[in-house]
Every structure is written in structure tokens, then in C-alpha cells.
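One structure is given below, encoded as C-alpha cells.
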Amino acid sequence: MGPGRRPEMSVYLLNKILYMTDNDADFRKRIKEDPEGTIKSFPLRGDEIEAMILGDVGTLYQMGVHTFFLNHMARYEMFGVNRDNYLERIRSHMEYDPRFELGAMPLQYVPKES
């Protein structure tokens with residue numbers, strides 16, 4: 001497994017956590033009340049926990065988390081992410097694309113095999 005690649009289960013769990021924030025009001029309430037404790041209740045690696053808690057959507061994107069789910073962090077203003085800073089945070093981990101200037105959303109990143 002090359003650098004930046006995550007085991008599929010790990011990426012699945014990160015996507016699932018973000019899916020649950022949108023589809024489970026009780027979970028969303030719990031994660032907003034105790035973000036660190038809630039994230040640490042999942043079998044994630046230290047760097048994944050840190051990226052979630054810091055709202056580091058760019059790093060999560062590089063890990064393979066889907067942009068559709070990452071956007072839930074901004075939608076529900078979790079982990080310091082909001083609509084005003086989401087694009088800046090995610091684009092800081094992407095190659096420049098002129099479409100960014102037009103407000104186009106980033107496409108899904110697929111980590112390359114090494």
C-alpha cells in the first residue's frame with residue numbers, strides 16, 4: 001500500500017461517520033456535543049482521528065474520503081468547518097484547477113497506487 005493509501009475499511013468508516021451525521025439526528029447531536037469522544041469511539045487510526053477533530057477536510061480528501069460526505073462537515077458546521085472555509089481547506093490539498101476560480105467544486109480524489 002503506497003503513501004496516502006488507506007485500508008478500504010478505514011475510508012469506509014470515515015465516510016460512514018459523515019453519512020451518519022446527515023442521516024441520523026441523534027448521532028449528529030452526539031457528535032456536536034462531544035466530537036472528540038464520538039470520533040474516538042470508532043476504530044480509526046490516530047491520523048484519521050486528528051484530521052476529523054481538526055476539521056482537516058483536505059487531509060481527509062487525500063485519504064480517500066468522498067467529497068459528498070466531507071461537505072456534511074460544512075453543512076452542519078462540525079469540527080470548525082463551515083461553508084465559508086470548506087473550499088479553501090479542501091483546495092489546499094489539491095492541484096490547482098482553473099475551474100476553482102469559477103466556483104466549481106472539486107472532483108473526487110482517488111489515491112494512486114504506488
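A short reminder: the numbers here are calculations on the coordinates, not readings from a lab. Here the structure is a predicted model, which is why all the values come from computation and not from measurement. Here the Cβ positions follow ideal geometry from the backbone for every residue, glycine too, while neighbour counts run over all protein chains shown.
Points worth noting:
- Region 8-102: radius of gyration over Cα atoms, expressed as a fraction of 2.2 N^0.38 Å: 1.04
- If you take all other residues with their beta carbon under 10 Å from the beta carbon of MET20, and give Lys and Arg +1 and Asp and Glu -1, the sum is 0.
- Cα-projected label distance for GLU36 with ARG75, points at 7 Å along beta-carbon direction, nm: 2.8
- The residues packed around ASN71, meaning those with a beta-carbon under 13 Å from its beta-carbon, carry a net charge of +1 if Lys and Arg are +1 and Asp and Glu are -1.
- Between PHE68 and ILE49, the contour length at 0.36 nm per residue exceeds the Cα-Cα span by 4.9 nm.
- Virtual spin-label span in nm between ASP22 and GLU88, 7 Å along Cα→Cβ: 2.4
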